[in-house]
1. Of all residues in the range 115-144, which are touching a residue at least 40 places away in the same chain (Cβ under 8 Å) and not in a helix (DSSP H, G or I)?
2. Given the condition part of a strand (DSSP E or B), crowded, with 18+ Cβ neighbours inside 10 Å and either aromatic (F, W, Y) or in contact with a Gly (Cβ under 9 Å, 6 or more places away or on another chain) (or both), answer yes or no: does some residue in the range 317-339 qualify?
3. May I ask you to say which residue of F386, F350 is in a loop (DSSP other than H, G, I, E, B), in contact (Cβ under 8 Å) with a residue 60 or more places away in the chain and outside the structural domain of P214 (by TED's automatic domain parsing)?
4. Working only within the range 388-413, note down all residues that are under 16 Å from N362 (Cβ atoms) and surrounded by 15 or more Cβ atoms within 10 Å (Cβ to Cβ).
5. Looking at E267, E301, E273, which one is of a type outside the set (F, W, Y), surrounded by fewer than 17 Cβ atoms within 10 Å (Cβ to Cβ) and assigned to a loop (DSSP other than H, G, I, E, B)?
6. Taking the stated definitions as given, is R244 part of a helix (DSSP H, G or I), in contact with a strand residue (DSSP E or B) (Cβ under 9 Å, 6 or more places away or on another chain), among the basic types (K, R) and at pLDDT 95 or above?
7. Would the range 271-291 turn up any residue that is farther than 21 Å from E198 by Cα and touching a Gly at 6+ places or on another chain (Cβ under 7 Å)?
8. Restrict the check to the range 162-176 and report whether at least one residue is part of a helix (DSSP H, G or I), closer than 29 Å to L80 by Cα, of a type outside the set (S, T, N, Q) and at pLDDT 95 or above.
Amino acid sequence: MKSFHTRAAWVGALAGVIALTASCSSGGDGAAAAAPDTSSCAALDAGLEWFGENRQLLDRMIAEKGTCGVDGDAAKGAPLALFDWDNTVVKNDIGSATAYWMIRNDKILQPEGADWASTSRFLAPDAIAALGAACGNEVPPGLPLPTASDLDCADEIVAVLDDETTSGKPAFAGYDHRRTKPAYAWAVQLMGGHSVDEVTEYARAARTENLAAPEGAEQTVGTTEVDGYVRYYPQIADLVKVLRTNGFDVRIISASAEPVVRVWSEELGLTPERAMGVRPVVENGVLTRHLQGCGGVADGEDSVIPYIDGKRCQVNEVVFGVNGPAAFDQLPADRRQVFAAGDSVTDVTFLGDATGARLVINRNNAELMCNAYDNSDDRWLVNPMFLDPKDRAEEPYPCSTKAYTAADGGKGAVHRADGSVIEDQADTVY
């Protein structure tokens with residue numbers, strides 16, 4: 001690992017921000033009414049490894065922004081801390097883990113009319129045809145497909161979950177690349193036809209299996225080798241605990257299915273309403289193939305999930321009560337999260353909204369790392385993955401040319417808030 005070249009600047013700027021804005025009664029009226037229990041106030045575990053001075057910087061922010069011993073609630077003015085889930089709180093992807101479990105256990109139901117177009121409005125014709133050919137129409141609609149034994153069907157579903165058909169053709173088209181990733185949404189839509197209780201049961205079973213598997217394990221789904229384990233990062237679990245002890249309102253904003261995220265977040269002591277994810281439309285207790293909307297997008301249009309700008313929308317709507325298209329807009333600083341943590345382009349917007357510190361887990365994602373390394377407002381902290389970290393990116397991130405993905409999928413330069421272009425950035429924290 002090498003030193004983060006903007007570390008000294010970050011330290012100085014953070015100290016200045018804290019001196020100007022911090023208050024030990026930031027929990028608002030509700031927090032101020034409670035007598036802080038200083039004996040319960042905690043700092044991050046010095047025995048857990050962080051990169052450079054990240055632990056000390058986070059401790060400083062927590063001590064200055066929080067209120068010791070107070071149970072934080074953003075509705076009462078407590079500082080808000082937001083975490084992505086997959087590859088931020090845990091190693092690997094719980095949405096994928098649940099989907100793989102469902103495929104291996106014959107829990108994917110035949111679509112209406114055996115027509116895969118009914119499972120996602122963004123499935124490309126090639127993907128619809130490939131799924132239909134691989135999975136057939138022998139199974140009546142609404143009954144389980146035999147994906148544990150029908151390897152062709154299983155392989156095609158796994159491939160489409162990874163954005164392409166088994167023949168390598170794009171699986172999805174026609175969507176806003178800043179508001180949704182249809183493959184992530186499809187993992188939720190594949191749960192259609194099951195009750196909320198059933199999906200919760202599947203998530204628990206997948207969780208048990210993936211936590212019990214050896215670190216680094218793979219599993220075979222169909223004939224495809226995929227990740228077969230998940231691990232909570234001890235450093236992040238500790239960070240969540242310490243934030244909560246210091247009066248922060250800690251919440252999850254994930255692009256995995258909300259019922260699945262709620263199962264996994266129990267380990268961190270988070271109540272269900274503090275775990276946000278992709279929200280299926282539920283009718284009479286049963287998940288449909290459709291998704292709840294946000295920011296003026298109606299339920300069932302399926303065109304926005306908590307992905308890039310969609311994460312801001314859901315946070316603004318659920319946490320801050322902003323309705324309609326305004327939920328896609330950045331709120332004033334005093335109505336935004338103080339802290340945010342993420343690992344990919346999925347998270348770049350809600351990370352940028354954080355007013356205090358932004359923790360980035362380096363997975364070599366170009367657009368995110370351009371913002372993090374540029375560090376134009378001295379709020380970004382970069383940390384290698386806590387388990388099996390990525391190697392250093394060999395070439396600088398192409399920030400000035402093609403690291404940004406536009407709504408139409410086109411590539412371009414990454415810009416700062418003032419409109420200037422970010423220069424290409426070398427990978428220095430790995």
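The values are calculated or read from the model by the stated rules, or taken from the named source; none is laboratory data. Worth saying up front: this structure is predicted, and the values here are computed from it rather than measured. Every residue, glycine as well, gets a Cβ built from its backbone with ideal geometry; the counts of neighbours run over all protein chains shown.
1. Initial filter on the range 115-144 (touching a residue at least 40 places away in the same chain (Cβ under 8 Å)): 118-124, 126-127, 142.
S120, R121, F122, L123, A124, G142 - these are the residues of the range 115-144 that are touching a residue at least 40 places away in the same chain (Cβ under 8 Å) and not in a helix (DSSP H, G or I).
2. As a first pass, look at the range 317-339 and keep what is part of a strand (DSSP E or B): 339.
This time we only want the ones that are crowded, with 18+ Cβ neighbours inside 10 Å, so: 339.
Pick out the ones that are also either aromatic (F, W, Y) or in contact with a Gly (Cβ under 9 Å, 6 or more places away or on another chain) (or both) and you get 339.
Yes, the range 317-339 contains a residue that is part of a strand (DSSP E or B), crowded, with 18+ Cβ neighbours inside 10 Å and either aromatic (F, W, Y) or in contact with a Gly (Cβ under 9 Å, 6 or more places away or on another chain) (or both).
3. After applying the criteria, what remains is F386.
4. To start, the set of residues in the range 388-413 that are under 16 Å from N362 (Cβ atoms) comprises 388-397, 399, 403.
Correct list: P389, R392, A393, P396, Y397, C399, A403.
5. E301
6. On the way: part of a helix (DSSP H, G or I): yes; in contact with a strand residue (DSSP E or B) (Cβ under 9 Å, 6 or more places away or on another chain): yes; among the basic types (K, R): yes; at pLDDT 95 or above: yes.
Spelling it out, R244 is indeed part of a helix (DSSP H, G or I), in contact with a strand residue (DSSP E or B) (Cβ under 9 Å, 6 or more places away or on another chain), among the basic types (K, R) and at pLDDT 95 or above.
7. no
8. Taking the range 162-176 first, the residues part of a helix (DSSP H, G or I) are none.
Looking for residues that are part of a helix (DSSP H, G or I), closer than 29 Å to L80 by Cα, of a type outside the set (S, T, N, Q) and at pLDDT 95 or above, one finds none in the range 162-176, hence no.
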